[in-house]
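Please treat every number below as a calculation from the coordinates, not as lab data. Computed from a predicted model, the values in this text were never measured in an experiment. Every residue, glycine among them, receives a Cβ derived from its backbone with ideal geometry; neighbour counts consider all protein chains shown.
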Amino acid sequence: MDTGKTIRSLQSNVEQVIRGKPLVVERAVICLLARGHLLIEDVPGVGKTTLAHSLARSLDCSFKRIQFTSDLLPSDILGVSIFNQSSQRFEFNPGPIFAHIVLADEINRTTPKTQSSLLEALNDAQITVDGQTHPLPQPFMVIATQNPMEHHGTFPLPESQLDRFLIRIRIGYPDVAEEKKILDRQLARHPAEELSAVLSAEAVLDLQHRVEKVRLDESLADYLLAIVAATRRSSFLSLGVSTRGAMALHKAAKARALFKDRDYCLPDDIKDLAPAVLSHRVMLSVGHNEGRAGGHRFEDAERIIREIVDSVPVPL
């Protein structure tokens, strides 16, 4: 497999629909390569769901969409055991979480109990129902969306849940030229439905395996940990990045290197991804968004992370 060519084919396929947002598509593909989960937070109508659909359509994998609402139950996501009269035994009926790519649409609209039912799936790619553990399909990726501007009827994700998402991104509004192209391209069908799959599940697994073999020198590991340590000392943060956060940045940096068709990491891999990987894993000090990095003030957390990254010397 030509790694660079394969990844570029996936990227260009998604960009047929997500126009004028190459960095957004890059982040989504990197998240997939790193076996991570993606949180897309932005205002309605900018393409959050379309990005998830486009990535899923570009892969020859199963895809399920879960519309999160206040009355959604954990069993509606995970599945339920039903007694079979003919066999006189309970049989497990899997829920929509059993798919390669799962879109958790408006994830902050459901209750904390239902949100927490995803923790095992996000962390271990498995779920447990009635004492029985069921592995999820591989590759497995959850793409969650939420609207930061609407607070009525929402349940903000707790830090423990945010920490399970490898990368958080915003899509933003397109520029005028791209928005005009979108208007000119209005179709009867959703544009993502026109996409054809360019990667099989086996190809994705192979790419994910190659990420694990990317080299990250000891000096870069020290650089990464210096950034993490600086978040723990910052007066602007009441809670710095955890060890899980450091591991996430380590994994994401390797995936970015492979995305750039390298088998070794550079400082830019860490610098470029630090805000997207770390900003949702910290809590702001009192006076900076009432002490937490959630909601619509993620911009403040991203800015602080960028300032911290700029303050840490880059290894020569």
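Roughly speaking, what is the centre-to-centre gap between region 30-59 and region 131-145 when only Cα atoms are used, to the nearest Å?
Going from one Cα centre to the other spans 16 Å.
What would the Debye formula give as log10 I(q)/I(0) at q = 0.11, 0.12 Å⁻¹ for the alpha-carbon point model of region 1-212, no solvent?
Values returned for q = 0.11, 0.12 Å⁻¹ are -0.55, -0.66.
Pairs 5/254; 48/260; 48/271: which are spaced more than 22 Å apart, C-alpha to C-alpha?
Cα-Cα > 22 Å for 48/260; 48/271; rest within.
Mind putting a number on the dipole of region 214-316 about its Cα centre? Charges go on the C-beta only, +1 for Lys and Arg and -1 for Asp and Glu, and I need it in Debye to the nearest 20.
300
Based only on other Cβ atoms within 10 Å, what is the fewest-to-most ordering of 266, 199?
Taking fewest neighbouring Cβ atoms as first place, the list is 266, 199.
Could you order the peptides 77-83, 126-132 from most to least packed, using the average number of other C-beta atoms within 10 Å per residue?
The densest-packed peptide leads the list: 77-83, 126-132.
Gaussian network model of the chain, Cα springs within a sub-10 Å range: biggest mean-square fluctuation belongs to which of 195, 32, 55?
195
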